[in-house]
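To start, the structure itself, in structure tokens.
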Amino acid sequence: MWAVFLALVLILVAVDLGLFNKKEQEIGVRKSLSLSGFYIAISLIFGAWVWSTLGAQSGIEFYTSYVIEKSLSLDNLFVMAVIFSALKIPRKHQHRVLFWGILGVIILRGLMIGLGAALVHEFEWVLYLFGAFLAFTGVRLLFWDDEDGEHEEAVTNNRLLKFLRKHLNITEKIYGQRFFVRRDKDDETKPGAVLYMTPLLLALLMIELADVVFAVDSVPAVFAITS
């Protein structure tokens, strides 16, 4: 079962980047809805397979967890939009950043799920702490207000972002969908031997960091349903 699951994930990843979004283009609302519908359908079919293979209880737990994760992903969307806006990433390049970001998230979430399972197994009372944190983040999201662009400013003033800009070679301009480029040390506009990071890589790192933070509420929420 795990082999089939991992194979399915790898196939979907390859199809997404190699077939659906091979060209560098801005993804419109129609295509976004189509892709979302496709992945939701795949998830529902997978849930039906879980139901038939492991029983009704496991099927219900899967679908319940899926709906909760889907709901909790809304705050991720807001933050990712702010990151892209703050770093001035064009929409046509955003899918590439999100694609590689999701691959990293799969690994990070896997580690956090393993750690969470160990904590819940040893200290079941920790679920109450997770629940309190989940309620707190929900209230904060309810009163999300960015009329003055303060959240975008918070991204540009982020300590990690400032540290990276200070200690690493980072270009000001975007070079297509590339995360790294080689440029002249004294003149960024000329080719050279010095390796530079592009704003796309900065956005990727910031999104990975944001997802780790958001996993602190979504992973415990599912542990309240099933261990």
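Are any residues in the range 47-60 open to solvent by less than 40 Å² (accessible area, probe 1.4 Å) and either assigned to a helix (DSSP H, G or I) or in contact with a helix residue (DSSP H, G or I) (Cβ under 7 Å, 6 or more places away or on another chain) (or both), and if so, which ones?
Those that are open to solvent by less than 40 Å² (accessible area, probe 1.4 Å) and either assigned to a helix (DSSP H, G or I) or in contact with a helix residue (DSSP H, G or I) (Cβ under 7 Å, 6 or more places away or on another chain) (or both): G47, V50, S58, G59.
For the range 43-71, how many residues are among the hydrophobic types (A, V, I, L, M, F, W, C) and either within 23 Å of A215 (Cα to Cα) or in contact (Cβ under 8 Å) with a residue 60 or more places away in the chain (or both)?
The number of residues fulfilling the criteria is 6.
Pick out the one residue from R96, R30 that is over 20 Å from the mean Cα position of the chain (by Cα) and of a type in the set (K, R).
R30
Would you pick out the residues in the range 36-53 that are aliphatic (A, V, I, L, M) and under 11 Å from L12 (Cβ atoms)?
I42
Consider only pairs whose beta carbons are under 9 Å apart and that are at least six residues apart or on different chains; among these, list those whose first residue lies in the range 204-227 and is free of Cβ contacts under 8 Å to residues at least 24 places away in the same chain and of a type in the set (D, E) and whose second residue is assigned to a helix (DSSP H, G or I) and open to solvent by less than 30 Å² (accessible area, probe 1.4 Å).
That search, which allows pairs on different chains as well, returns nothing.
So, in the range 95-116, exactly how many residues are open to solvent by 40 Å² or more (accessible area, probe 1.4 Å) and either over 18 Å from L10 (Cα atoms) or touching a strand residue (DSSP E or B) at 6+ places or on another chain (Cβ under 7 Å) (or both)?
Count: 5.
List the residue pairs whose Cβ atoms are under 9 Å apart, where the first residue sits in the range 10-31 and is more than 12 Å from H95 (Cβ to Cβ) and modelled with pLDDT of 80 or more, the second is aromatic (F, W, Y) and open to solvent by 40 Å² or more (accessible area, probe 1.4 Å), and the two are 6 or more positions apart or on different chains.
L12/Y39
Could you grab me the full set of residues in the range 88-103 that are of a type in the set (A, V, I, L, M) and at pLDDT below 85?
Passing the criteria: L98, I102, L103.
Condition check ((1) modelled with pLDDT under 80; (2) in a helix (DSSP H, G or I); (3) within 19 Å of I207 (Cβ to Cβ)) across all residues:
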{"residue": "V105", "(1), (2), (3)": "no, yes, yes"}
{"residue": "G110", "(1), (2), (3)": "no, yes, yes"}
{"residue": "E124", "(1), (2), (3)": "yes, no, no"}
{"residue": "V139", "(1), (2), (3)": "yes, yes, no"}
{"residue": "D145", "(1), (2), (3)": "yes, no, no"}
{"residue": "D148", "(1), (2), (3)": "yes, no, no"}
{"residue": "E153", "(1), (2), (3)": "yes, yes, yes"}
{"residue": "L160", "(1), (2), (3)": "yes, yes, yes"}
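The values are calculated or read from the model by the stated rules, or taken from the named source; none is laboratory data. Please read these numbers as outputs of a predicted model, since none were measured by experiment. FYI the Cβ positions are ideal-geometry reconstructions off the backbone, even for glycines, and counts take in every protein chain you see. The protein model used for the area step is the full one, side chains on, heavy atoms only, and it has no ligands, DNA or RNA in it. Shrake-Rupley method; radii C 1.70, N 1.55, O 1.52, S 1.80 Å.
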